[in-house]
Each structure stands twice: as C-alpha cells, then as structure tokens.
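The values are calculated or read from the model by the stated rules, or taken from the named source; none is laboratory data. Computed from a predicted model, the values in this text were never measured in an experiment. Note: ideal-geometry Cβ built from the backbone for every residue, glycine included; neighbour counts use all protein chains shown. To get the accessible areas, we keep the full protein, side chains included, count just its heavy atoms, and leave off ligands, DNA and RNA. Shrake-Rupley method; radii C 1.70, N 1.55, O 1.52, S 1.80 Å.
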Amino acid sequence: MLCYIGGSESSEHFSVINEACSMFAHTNPLHLDVFQSVVRFEAEVVAMTAALLGSKEKASGGQICGNMTSGGTESILLAVKSSRDYMKSKKGITRPEMIIPESGHSAYDKAAQYFNIKLWRVPVNKDFQADVKAIRRYINKNTILIVGSSPGFPHGIIDPIEELGQLASSFGICFHVDLCLGGFVLPFARELGYHIPPYDFSVKGVTSISVDVHKYGLAPKGTSTVLYRNHEIRKNQFVAVTEWSGGLYVSPTIAGSRPGSLIAGAWAAMMSLGKEGYLKHTKAIMEGSKRLQKGIEEISELFIIGRPDMTIIAFGSKVLDIFEVNDIMSSKGWHLNALQRPNSIHICVTLQHVPIVDDFIRDLKESVETVKQNPGPISGGLAPIYGAAGKMPDRGTVQELLVDYMDGTC
C-alpha cells in the first residue's frame with residue numbers, strides 16, 4: 001500500500017502533479033484572501049469527491065460539504081471531533097463514547113486518546129463485517145458515533161452500511177463511513193458492473209465520510225478529504241479564537257498553515273485523469289485483484305479471509321506460520337501487511353501490481369513451499385515478534401514495546 005500511481009517517476013501523471021506542486025509550493029490556504037486560486041482548488045476537489053459519493057442524489061440532502069486534510073487519519077480525527085461536539089450541542093453528552101468494529105482503522109484509537117472519548121471495539125461477525133447486533137448492544141445515552149468501513153483496511157470487506165445507517169438514525173447518533181481506500185474505486189467499480197453494496201451519502205444515517213485522494217485518487221501523498229452531510233455538523237470541526245492579541249483567528253483543520261502545493265497537486269491529478277482515467281485504472285486493478293485472489297485460492301495451504309469486495313486481499317494458513325511466509329516474501333522484495341485476529345497478511349493491489357500478478361503468485365507459492373520444507377523463523381525475520389505479540393494476553397506490555405520501538409526510531 002505504498003505506491004498507488006503506476007509507471008515510473010518520469011511518467012506523464014507524475015509530471016503533471018509535480019509541476020502543479022512546484023507552481024504552488026509557496027502558497028498557504030490559511031490566508032484565504034491571498035491565495036484564492038488554492039482555495040478554489042480545494043473547493044473543487046471537495047465538490048468532485050462528494051459528487052462520487054452521492055452528493056447529487058436527492059437522499060443526500062443537497063448540503064454535502066467538507067475540507068481537504070493531510071491524510072486519512074486527520075480526516076477521521078476531524079470527523080470524530082465534529083461528531084463529539086455536534087452530539088454535545090444536540091444532546092448535552094459530556095462523557096462521549098464511540099463504537100467501532102474490530103476491523104476499524106487505528107485512527108479511531110488515536111481520536112479517542114486525543115479527544116477524551118471512550119472507545120468500544122466490537123468483534124466482527126463470521127463474514128468479517130461489522131456486527132450490527134453487537135454494536136447495538138453497546139449503544140447507550142453517551143454514544144455519539146458508530147463507524148463502518150467501505151472497505152475495511154485489514155480484509156478489504158465492506159461493512160453493512162445500510163444497516164448501520166438505520167441503527168444510527170434510530171438512536172439519533174452520528175455515523176462515519178471510512179472510504180479512505182474505497183472512495184476512488186467503488187463508484188467506478190459499480191459503473192463497470194461489479195456488485196457494490198450501498199456505501200455513501202445516499203444511505204440514510206451517514207453523517208460523515210473520509211476519502212483519501214492520495215490513494216486510488218492518484219494524488220500526491222498528504223491529501224485526503226473529510227465530508228459532512230450538512231454545514232451544521234461541519235461547523236463543529238472549526239476552531240475560532242476571539243481573545244488572542246494576534247487578532248481574530250479561525251482554522252478549518254488540525255493544521256493551521258497547510259501546503260497549497262499538495263492541494264494543487266490533488267486538483268491537477270483529478271482534472272488530468274477525469275472519469276475515463278479513473279474507470280480505466282479501476283478496471284485494471286479490479287481485474288488484477290480477481291486474478292491474484294484466484295491464484296491465492298489455488299494454493300491449498302492458504303485461505304482467503306472472508307469475501308473481499310475490492311482490491312485488498314487478506315490470507316492466512318491453518319497449516320503454516322503465515323508470518324514465516326511473509327518473511328520469505330519480504331526477502332523476495334514484497335512488502336505485505338501483517339494482521340492479527342486471525343493471524344494473516346494482506347496485499348493491497350495497485351497499478352504497480354497489475355503487470356506483475358503472476359510474479360507475486362509464483363513467489364508466494366515458492367515461499368509457502370520453503371516454509372513447508374523448512375519451518376521456523378529466518379534470520380532477521382519478524383515472524384517471532386508478530387507471533388509472540390499475538391499470544392501476549394497483556395496488551396499493555398505490547399503497547400509499551402511499540403512505544404519504545406517508536407521512541408528509538410524517530
């Protein structure tokens with residue numbers, strides 16, 4: 001999931017976004033009156049993204065609005081913060097809680113820590129989707145928000161968004177849909193004829209959506225959007241300061257100053273590709289994903305996690321240590337994500353992978369055979385670490401190890 005843009009750094013698409021970034025490297029949309037072109041770029045990126053996600057449908061209410069952010073994590077943080085403050089103004093909730101499936105992104109944990117919100121992580125159902133009935137049991141008078149993903153990061157599976165929307169509506173609470181991965185694939189996959197369940201603002205109850213432009217939108221890294229059903233909710237995102245000796249201040253996002261270069265790069269990427277470009281790329285990665293999934297299914301020692309809806313394919317093994325397989329794949333130059341609950345690894349298919357699906361399957365078969373013939377960790381591999389971490393009942397110890405690792409590396 002490192003590189004989404006196909007081709008080399010000298011390709012036409014890289015050249016377009018690099019030129020746009022260079023032209024606006026000096027700009028900062030915090031100063032609305034000075035850098036008006038960048039402000040317009042942001043508004044157009046938001047409008048184009050919203051149009052992909054139901055803003056033109058009557059069911060959306062016709063007020064979809066939003067802002068660009070630095071990435072999916074900031075988009076989620078802002079949606080959570082806005083939901084918290086909106087629910088406080090509407091219901092007087094001062095001890096907020098939110099409920100997410102186990103598969104929900106780690107950004108919600110970060111939001112819970114930053115904004116002093118109690119977080120409930122609920123196990124997924126047998127299909128690795130959000131368990132609506134289980135989430136229902138956790139809702140109480142302090143609940144501000146429930147969450148669904150389209151698709152979830154671990155397994156590439158879309159949660160039952162319509163059912164979650166109905167649940168949120170019935171309790172009068174906020175409902176955020178994480179479309180950071182799917183926002184620039186699912187609309188086009190549906191148009192190409194793939195069966196895609198409802199996932200956007202056309203669903204009653206959805207109050208906010210996060211969408212990364214820097215993933216399948218093929219924009220420069222550091223560009224995402226957070227969208228809201230209406231301005232009443234979005235206003236809770238803003239911070240306005242009136243008592244500062246430096247003057248009156250208002251900012252829409254966590255960052256004050258923001259790089260206009262990235263906003264311009266995102267706008268250029270979307271305008272350059274257009275609908276036909278995104279349809280072409282979606283066709284390639286969806287077909288590549290199906291080929292790759294079929295290849296994995298033909299390896300008897302492995303199994304696919306659930307039924308992937310998009311371009312993320314997670315797989316595990318009941319007869320091998322999947323993390324040892326991952327280490328062998330790493331030694332061959334493949335960088336896959338290690339997962340837990342259950343132990344598995346996943347690949348997120350991008351344009352970079354489409355021409356080399358057969359190479360991946362060949363290397364995966366060889367890696368599985370290597371582990372079968374010579375089980376046990378390889379020198380320098382991470383399998384022992386992941387294996388041990390998964391078995392530790394004290395998650396606080398695992399957390400301390402992660403913090404110490406980060407403290408020593410950055």
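Under the condition of being open to solvent by 50 Å² or more (accessible area, probe 1.4 Å) and of a type in the set (D, E, K, R), which residue from the stretch 26-48 is nearest to Ile233 (Cα to Cα)?
Across the stretch 26-48, the extreme among qualifying residues is Glu44.
Check whether at least one residue in the stretch 24-42 is closer than 27 Å to Pro198 by Cα and at pLDDT 95 or above, and report yes or no.
Yes, because at least one residue in the stretch 24-42 is closer than 27 Å to Pro198 by Cα and at pLDDT 95 or above.
Got a sec? Which of Lys110, Lys81 is open to solvent by 60 Å² or more (accessible area, probe 1.4 Å) and within 30 Å of Val38 (Cα to Cα)?
It is Lys110.
I'm trying to understand the selection: among the residues of the stretch 190-230, which are aromatic (Phe, Trp, Tyr) and under 18 Å from Lys283 (Cα atoms)?
Once the filter is applied, which keeps residues that are aromatic (Phe, Trp, Tyr) and under 18 Å from Lys283 (Cα atoms), the stretch 190-230 yields Tyr194, Tyr216.
Scan the stretch 257-294 residue by residue and report those that are farther than 22 Å from His195 by Cβ and touching a helix residue (DSSP H, G or I) at 6+ places or on another chain (Cβ under 6 Å).
Gly260, Ser261, Ile263, Ala264, Gly265, Ala266, Trp267, Ala268, Ala269, Met270, Ser272
What number goes with the only condition from (1) outside any loop (DSSP other than H, G, I, E, B); (2) buried (at least 16 other Cβ atoms within 10 Å of the Cβ) that Arg258 does not pass?
(1)
So how many residues does the stretch 303-334 have that are out of contact with any strand residue (DSSP E or B) (no Cβ under 9 Å at 6 or more places or on another chain) and in a helix (DSSP H, G or I)?
Final tally of qualifying residues: 5.
Go through Leu336, Leu292 for me and flag whichever is of a type outside the set (Ser, Thr, Tyr) and under 21 Å from the mean Cα position of the chain (by Cα).
Going through Leu336, Leu292 in turn, just one is of a type outside the set (Ser, Thr, Tyr) and under 21 Å from the mean Cα position of the chain (by Cα): Leu336.
Name the one entry in Leu164, Leu145 that is in contact (Cβ under 8 Å) with a residue 60 or more places away in the chain and either out of contact with any strand residue (DSSP E or B) (no Cβ under 6 Å at 6 or more places or on another chain) or at negative phi (or both).
Only one candidate qualifies: Leu145.
Check whether at least one residue in the stretch 27-37 is over 23 Å from Tyr216 (Cα atoms) and assigned to a helix (DSSP H, G or I), and report yes or no.
Yes, that holds for at least one residue.
Among the strands (runs of 3 or more DSSP E) lying completely within the stretch 138-253, list those that include at least 1 residues that are small (Gly, Ala, Ser) and open to solvent by less than 10 Å² (accessible area, probe 1.4 Å).
Per the criteria, 143-149, 208-212, 224-228, 249-251.
Identify the single condition in (1) of a type in the set (A, V, I, L, M); (2) surrounded by fewer than 24 Cβ atoms within 10 Å (Cβ to Cβ); (3) under 19 Å from Glu232 (Cβ atoms) that Ala51 does not satisfy, given that it satisfies every other one.
(3)
Among the numbered conditions (1) in a helix (DSSP H, G or I); (2) surrounded by fewer than 19 Cβ atoms within 10 Å (Cβ to Cβ); (3) not acidic (Asp, Glu), tell me where Ser300 comes up short.
For Ser300, the exception is condition (1).
More than 15 Å from Val211 (Cβ to Cβ), in contact (Cβ under 8 Å) with a residue 40 or more places away in the chain and assigned to a helix (DSSP H, G or I), is that true of Arg84?
When the stated conditions are applied, Arg84 passes them.
Taking only pairs six or more apart or across chains, which ones have beta-carbon atoms under 9 Å, a first residue in the stretch 113-139 that is without any contact (Cβ under 8 Å) to a residue 12 or more places away in the chain, and a second residue that is part of a strand (DSSP E or B) and surrounded by 14 or more Cβ atoms within 10 Å (Cβ to Cβ)?
Pairs that qualify, where the first residue is without any contact (Cβ under 8 Å) to a residue 12 or more places away in the chain and the partner is part of a strand (DSSP E or B) and surrounded by 14 or more Cβ atoms within 10 Å (Cβ to Cβ), are Gln113/Leu119; Asn125/Pro101; Arg137/Val122.
Just to be sure I understand, how many residues within the stretch 117-168 are more than 21 Å from the chain's Cα centre (by Cα) and farther than 20 Å from Leu77 by Cα?
Summing the residues that are more than 21 Å from the chain's Cα centre (by Cα) and farther than 20 Å from Leu77 by Cα in the stretch 117-168 gives 11.
Taking the stretch 119-137 as the search range and keeping residues that are of a type outside the set (Lys, Arg) and in a loop (DSSP other than H, G, I, E, B), which one is least open to solvent (accessible area, probe 1.4 Å)?
If we take residues in the stretch 119-137 being of a type outside the set (Lys, Arg) and in a loop (DSSP other than H, G, I, E, B), then Ala130 is least open to solvent (accessible area, probe 1.4 Å).
Within the stretch 322-338, count every residue that is open to solvent by 30 Å² or more (accessible area, probe 1.4 Å), within 23 Å of Val124 (Cβ to Cβ) and at pLDDT 95 or above.
Selection size over the stretch 322-338: 0.
If you take the residues in the stretch 54-78 that are of a type in the set (D, E, K, R) and either under 15 Å from the mean Cα position of the chain (by Cα) or in a loop (DSSP other than H, G, I, E, B) (or both), which one is surrounded by the most Cβ atoms within 10 Å (Cβ to Cβ)?
By that ranking, first place goes to Glu74.
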